[in-house]
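A quick write-up on the structure given underneath.
The values are calculated or read from the model by the stated rules, or taken from the named source; none is laboratory data. Since we're looking at a predicted model, the values are computed, not measured. Glycine also receives a Cβ, built like all others from the backbone with ideal geometry; neighbour counts cover every protein chain displayed.
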Amino acid sequence: MPDHHYHDLFHIKEQLFTAKTLYRELHQHVQEQPHSAKPLVFNDVVQLALGNPNIDAQQVMQHINQSLPLRRQYMQLLQKLAFASSPVQAAASSATEISSRKSAEFELLFKRDKQFSGQVYVILKIPHSIQKHHNQGVRVNCCSEKLISTIHFPPIVDGKTQLLMEESDQKFIHMFDAEFAIYLS
Amino acid sequence: MSVKLEHQRGEQTIKSGRMTNIINYGISETLKALFAQLKDTPGLDGYKYHGKDIEQISQNIVCRNYGSVCYELSFLCWAVVNHPAYSSHSDSSSSHSPSSLLNFFWIEENIQPKRFRHAFSHPIETACGQVSMGVDYLQLQIGDIEFAISPTRVGVLAVMLELIASIEPTQLSKIETLLIDADKQSIKKVSSHLQKLIYSYLKEHMPEASTQGRFRAISGWLKQHNLTAQTLTDQGVLNFWLNPPAQPSYIKYSTVLDDLLDAITAMEVVENTFNGEYALSLGSNTEQGEVDADWVQTTVFEQADNHEDLSWLCQSPKFLTLAQYQPISPLLSHGKLARQLPLSFLRLSIFGGWQSVLVQAKRKSSQVLADKLQQYPNRQYLDYVAELNDSESQCKQVQQVIAHIFYSLNNPLFVGCMLKQMPTDLQQTLKIWMRAQIANTTESEEPLFLHVQQWLSQHPKAQKWLTEAATLFKNNNKEGFKKLPSVTELDIYQDGSEALDHCQELVARYLLVITKLNDKNTQLAEIYRSDLCIFSDRFKQIYGAPHA
């Protein structure tokens, strides 16, 4: 067989080997990686914005808070998909803490626990809630330029749902910070 | 001439890489994790994408054969973007945020055949074209171009779109803007734009140089030892692992086995397929001397009886548990070569498994590694054989359960599963009877089902088998078997049944070879004892003898 025939055949064999080897590697178990290093697919971000309870919210959020483009993308999705929202409050006073958030669709307020100082009941009222809020609960997203936090409330019963939280919990603080916009999904 | 030069350059690359002491893998961890995440990402109900569809796209990607998928996807996106129910014409923010694609593929998830058909149940007519749902296909007419998309293909195309959106989310708005009211030329432009995007992503995440180096090392070694696909033996595989070529450095037994067998399979296929003239024309007629990617994909994945990843069998419906699937996996991966090299697969299971433990231990500490080096494997060759026996009988049982599902839904497909598991005499009688029925009637499937049912009622063995199938179904509480599925979901059960049949046959044929090898019931135990010394010594060499 002439030399160039040999090399052409060699090249074709090499290509078949390459395809098969790459395929095998692609499906090999991914090495242990820290959560933040594991990439997201676009659908993960959409599902979080939709309030799908099957999503690993903590992991997706970690990604979102590490990347400005992802944060913008998530905000854009929330604006499109959220059930209700409450914008950043106008900075009327120097203090940014507010005692409740209200919109036409929902009300978010808190009460301090009388027996245990430092603990608060956060109450979310949705008078005209939709079916998924009864089945899977409500996701509350708190968004600022630099940070987004998200918290899941249990299913709505009789128009409301509540969570017991630590007053020092950043997620609690964000919910009642006038500089954070709120999106419910 | 140019091919020869390239080959020489490749050799230089191997030499210059001498400092590296581990195999440089061809796929980035990011791309691997992205595919793992595609399998895990949730949807409206369970996982969003089916393992089989992800599988298909992964084959397109590794063969760099994604051109036609991008082309199909561009037509599908055109149909969605110009669909009045999804169109973003009226959305003032459409140029910045995707609407129609997001709604169609992510929020409504119209990617299963049933939902897809429903989404396109009304014909669409716009200034630039028409779309209508036919019996088998969604028909598109754009200018003088006709294009058809099967509802069963949409799942695969959706995986490709997810991949694109995950690589670069802004692409969705771009695709929408380019496709609204677009003509066929613009659709082609979108397709080539998507191809370029994937090409440049793969350039970074799937470089080919390292796999080419591995192939050159193996073919050089085989030539040096005067071995071919037909003459490679278990001892040859072991020799390679004990005395591998200098570069790239082969440490893991599993990599040695996979690479050697993948290489000889590739060699055998090419030598059987091509004569010199044809190979030359392929090499010189195509750009950059590449062989047609579609041919590569068909040859590696569709024509071959091996290298299939059927791990979707462990997904939903859960046909097999991971523990039942894993022993079969290497056999599936290498097909008939497992029968040519039976001992290599016993070694892979037991000593390859031990080596994985050592690799894990090495990451922890030298003490843990030293401990694991002292502990011999807790499984022997006969344990692997027992696991395969279990998996085989499970494959058989689940097929019987699937037959029950088909039977309960009045679908004659159950006969296929049943026939395979009936005694030969009954099989023959039923086959002859059915052939006569089919020849004599042009009636639809339902009366055929009733006929078969009546015929079977006269045969106690068949009745017993069906009763047994019903009991097995009742006792199977795995996902997808808790209750009868609907008729529209039967496709995946049929696929499952075929895949299980393939697994069962593969395992049975392998076990037959092992039984012959162990005909005195003592040989496997002897080989194991001898192998234990060989592997234990080599592991001590690689990972450092304790107290040395």
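Listing for the model above:
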{"quantity": "Members of region B:24-34 that are surrounded by 21 or more Cβ atoms within 10 Å (Cβ to Cβ) and within 23 Å of B:D259 (Cβ to Cβ)", "calculated": "B:G26, B:I27, B:L31, B:K32"}
{"quantity": "Enumeration of residues in region B:361-370 that are surrounded by fewer than 13 Cβ atoms within 10 Å (Cβ to Cβ) and in contact (Cβ under 8 Å) with a residue 12 or more places away in the chain", "calculated": "B:S366"}
{"quantity": "One residue from B:A469, B:A462, B:A403, B:A436 being over 34 Å from the mean Cα position of the chain (by Cα) and buried (at least 17 other Cβ atoms within 10 Å of the Cβ)", "calculated": "B:A462"}
{"quantity": "Strands (runs of 3 or more DSSP E) wholly inside region B:75-187 that include at least 2 residues being of a type in the set (D, E) and at pLDDT 95 or above", "calculated": "none"}
{"quantity": "Condition met for B:S344 (assigned to a helix (DSSP H, G or I), of a type outside the set (D, E), buried (at least 19 other Cβ atoms within 10 Å of the Cβ) and in contact (Cβ under 8 Å) with a residue 40 or more places away in the chain)", "calculated": "yes"}
{"quantity": "Residue selected from region B:492-548 under the condition within 22 Å of B:Y253 (Cα to Cα) and hydroxyl-bearing (S, T, Y), by the criterion surrounded by the fewest Cβ atoms within 10 Å (Cβ to Cβ)", "calculated": "B:S530"}
{"quantity": "Exclusive hit being free of Cβ contacts under 8 Å to residues at least 12 places away in the same chain and outside the structural domain of B:G155 (by TED's automatic domain parsing), set B:S497, B:S457, B:S408", "calculated": "B:S457"}
{"quantity": "Among residues of region B:232-265, those that are within 18 Å of B:Y528 (Cα to Cα) and over 20 Å from the mean Cα position of the chain (by Cα), counted", "calculated": "10"}
{"quantity": "Region B:196-236, subset farther than 28 Å from A:L9 by Cβ and of a type outside the set (G, A, S), residue nearest to the other protein chains (Cβ to nearest Cβ)", "calculated": "B:H205"}
{"quantity": "The lone exception for B:Y253 - which of (1) modelled with pLDDT of 80 or more; (2) facing chain A (nearest Cβ under 10 Å) it fails", "calculated": "(2)"}
